[in-house]
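Before any comments, here is the structure.
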Ligand code: ADP
Ligand code: MG
């Protein structure tokens, strides 16, 4: 039978908005020595806003509506920002009426689809490299997230998009370090954005431009080196790495269904500081059980 202390631990966690899917994880969480985190939606709000649009041979409205038409098929936080921006531009054609065929969501890269017989791409510099399309040099200097647009293999402009860091993220990282836990951030976003966020938050090591399989390889490497890992993520692409971690944690509010399903622990209000609360509850439970 399960000792009473574990029930108490699960109940206490639940009062704090943390769902443990099994009492064993109350124990596992006390043994982790490395917390690996996703960026978008985990440490940042995942609420992107379009800051700027740069076009080449296109009107802003024309470019934005092409991008938004494509993004209307995606649930990525970047897509939401672009659709919102397009809707705010007056006389933008009704997005839902734009016919799109052959839509592909390329994980960690962006989108490809056909509109009015033209191949439209919307995504990051890796997407453009994959399709062998050159873009303005200035893009590499931008510190925010950039969505590049191409029409029939021709660079057509880009949107600059920014996201905000969550209020409790910095304290959460400091509290983890105080518990002698190492912090790592793995992100599909550009290296420049990732290293800026890592510096602001005081995260020890951070890697950008990662595809879902690169995140998995990274966590496998850490596990082989003997680290006991908690991974926190929110995205569709995070499910494999959540499954691989000793303690897989999902953000319950913003998180994708697949990630929440796979997770051992769910943080209901999406606050990263709840990982610290979870560890503390695990420790209290242990002290009662043992
Ligand atoms: P993170 O690991 O930070 O959560 P993701 O793996 O979700 O990031 O996405 C990685 C990158 O792929 C994004 O920063 C963006 O450049 C690109 N991307 C993904 N989905 C889209 C989309 N729908 N539109 C444009 N770009 C996208
Ligand atoms: Mg994410």
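Out of 78, 100, 120, 106, one residue alone is in contact with a helix residue (DSSP H, G or I) (Cβ under 7 Å, 6 or more places away or on another chain), closer than 23 Å to residue 257 by Cβ and surrounded by 15 or more Cβ atoms within 10 Å (Cβ to Cβ). It is 106.
A single member of 26, 19 is crowded, with 16+ Cβ neighbours inside 10 Å, more than 16 Å from ligand 2 (Cβ to nearest atom) and over 23 Å from the mean Cα position of the chain (by Cα), and it is 26. Mind listing just one residue for me: the one in the range 153-169 that is away from ligand 1 (no atom under 13 Å from the Cβ) and over 18 Å from residue 136 (Cβ atoms) and, of those, modelled with the lowest pLDDT? If we take residues in the range 153-169 being away from ligand 1 (no atom under 13 Å from the Cβ) and over 18 Å from residue 136 (Cβ atoms), then 164 is modelled with the lowest pLDDT. When the range 35-56 is filtered for residues that are out of contact with any helix residue (DSSP H, G or I) (no Cβ under 6 Å at 6 or more places or on another chain) and more than 16 Å from ligand 2 (Cβ to nearest atom), the ones remaining, listed by number, are 51, 52, 54, 56. Hey, does the range 255-265 have a residue that's touching a strand residue (DSSP E or B) at 6+ places or on another chain (Cβ under 7 Å) and free of Cβ contacts under 8 Å to residues at least 12 places away in the same chain? Scanning the range 255-265, I find at least one residue that is touching a strand residue (DSSP E or B) at 6+ places or on another chain (Cβ under 7 Å) and free of Cβ contacts under 8 Å to residues at least 12 places away in the same chain, so the answer is yes. From the list 181, 165, 232, which residue is in contact (Cβ under 8 Å) with a residue 60 or more places away in the chain, crowded, with 22+ Cβ neighbours inside 10 Å and within 13 Å of residue 37 (Cβ to Cβ)? Unique residue meeting the criteria: 232.
Looking across the range 116-150, the residues that are more than 15 Å from ligand 1 (Cβ to nearest atom), closer than 19 Å to residue 64 by Cα and outside any loop (DSSP other than H, G, I, E, B) come down to 118, 119.
If you go through the range 190-205 and keep only what is without any contact (Cβ under 8 Å) to a residue 40 or more places away in the chain and more than 16 Å from residue 108 (Cα to Cα), you end up with 195, 198, 199, 200, 202, 204, 205.
Can you find a residue that is over 17 Å from the mean Cα position of the chain (by Cα) and either over 24 Å from residue 71 (Cα atoms) or not in a helix (DSSP H, G or I) (or both) anywhere in the range 201-215? Yes: one or more hits.
Table: residues versus (1) modelled with pLDDT of 95 or more; (2) out of contact with any strand residue (DSSP E or B) (no Cβ under 6 Å at 6 or more places or on another chain).
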| position | (1), (2) |
| --- | --- |
| 150 | yes, no |
| 171 | yes, yes |
| 206 | yes, no |
| 212 | no, yes |
| 227 | yes, no |
| 232 | yes, no |
| 236 | no, yes |
| 239 | no, yes |
| 249 | yes, no |
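Would you point out which residue out of 243, 198 is assigned by TED's automatic domain parsing to the domain that holds residue 17, within 13 Å of ligand 1 (Cβ to nearest atom), more than 15 Å from residue 34 (Cα to Cα) and not in a loop (DSSP other than H, G, I, E, B)? Exactly one residue qualifies, and that residue is 198.
Among the residues of the range 6-53, those that are in a loop (DSSP other than H, G, I, E, B) and touching a strand residue (DSSP E or B) at 6+ places or on another chain (Cβ under 8 Å) comprise 17, 21, 32, 33, 38, 39, 41, 42, 43, 45, 48.
Yes/no per residue for (1) at pLDDT 95 or above; (2) more than 21 Å from the chain's Cα centre (by Cα); (3) buried (at least 18 other Cβ atoms within 10 Å of the Cβ); (4) within 16 Å of ligand 1 (Cβ to nearest atom):
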position	(1), (2), (3), (4)
11	no, yes, no, no
34	yes, no, yes, no
73	no, no, no, yes
82	yes, no, yes, yes
87	no, yes, no, no
96	no, yes, no, no
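The values are calculated or read from the model by the stated rules, or taken from the named source; none is laboratory data. These numbers were taken from a predicted model, which means no experiment stands behind them. Cβ sites come from the backbone with ideal geometry, for glycine too, and all protein chains shown count toward neighbours.
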